[in-house]
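Everything on this sheet refers to the single structure shown next.
The values are calculated or read from the model by the stated rules, or taken from the named source; none is laboratory data. Nothing here was measured: the structure is a model prediction, and the numbers come from that model. With ideal geometry, Cβ positions are generated from the backbone for all residues, glycine too; neighbour counts draw on all protein chains shown.
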Amino acid sequence: MTLIDRPNAAHDALALVGRLLIAWMFIPAGWAKIGGFAGSVAYATSAGLPLPQVGVAVGLVVELVGGLMLLVGFKTRWAALALALFTLVASFFFHAYWAMPEAQQMMQKLMFDKNMAIVGGLLAFVAFGPGRWSMDGRRGA
């Protein structure tokens, strides 16, 4: 077993920074949906999301609650899985670059690809957990 294979303070620090950076995207997005619910529903409607009010409400809860859970490392694997699935599904509705005019495709493909990278990072937390500097780590989960 090498140093890379054994959990250590560097792994815990990097896991914490990773959780903070990913949560940084989800928490403000969920919070913004509270005050801008009608605008979010209008945007979801324009993107063709079925049941846009329900979808926005689910998105608000997943982003805000899941983001906070990821931030503090509570039930991290479940939170990361929920956020990954949410991001994956949302990407196909809101960044469907293949169905957009050519002038919009480059930016939307970039956003889609960014979301796929975020899904990958979240799946790493599903696989490897939050590190010891987390609520899960303090409980030995």
Q. Can we say Leu64 is part of a loop (DSSP other than H, G, I, E, B), hydrophobic (A, V, I, L, M, F, W, C) and surrounded by 14 or more Cβ atoms within 10 Å (Cβ to Cβ)?
A. no
So for the stretch 40-54 (the condition being touching a helix residue (DSSP H, G or I) at 6+ places or on another chain (Cβ under 8 Å), within 23 Å of Gly131 (Cβ to Cβ) and modelled with pLDDT of 95 or more), does at least one residue qualify? no
Note: among Leu70, Leu123, just one is closer than 23 Å to Pro7 by Cβ, under 13 Å from the mean Cα position of the chain (by Cα) and surrounded by 18 or more Cβ atoms within 10 Å (Cβ to Cβ), namely Leu70
Those residues of the stretch 67-78 which are small (Gly, Ala, Ser) and in a helix (DSSP H, G or I) amount to Gly67
Taking the stretch 15-51 and keeping residues in a loop (DSSP other than H, G, I, E, B) and either surrounded by fewer than 18 Cβ atoms within 10 Å (Cβ to Cβ) or of a type in the set (Phe, Trp, Tyr) (or both) leaves Gly36, Ala47, Gly48, Pro50, Leu51
Worksheet item: Has the stretch 2-9 got at least one residue that is surrounded by 15 or more Cβ atoms within 10 Å (Cβ to Cβ) and in a helix (DSSP H, G or I)?
Response: no
Scanning the stretch 79-105 residue by residue, the ones that are exposed (fewer than 13 other Cβ atoms within 10 Å of the Cβ) and either touching a helix residue (DSSP H, G or I) at 6+ places or on another chain (Cβ under 8 Å) or not in a helix (DSSP H, G or I) (or both) total 3
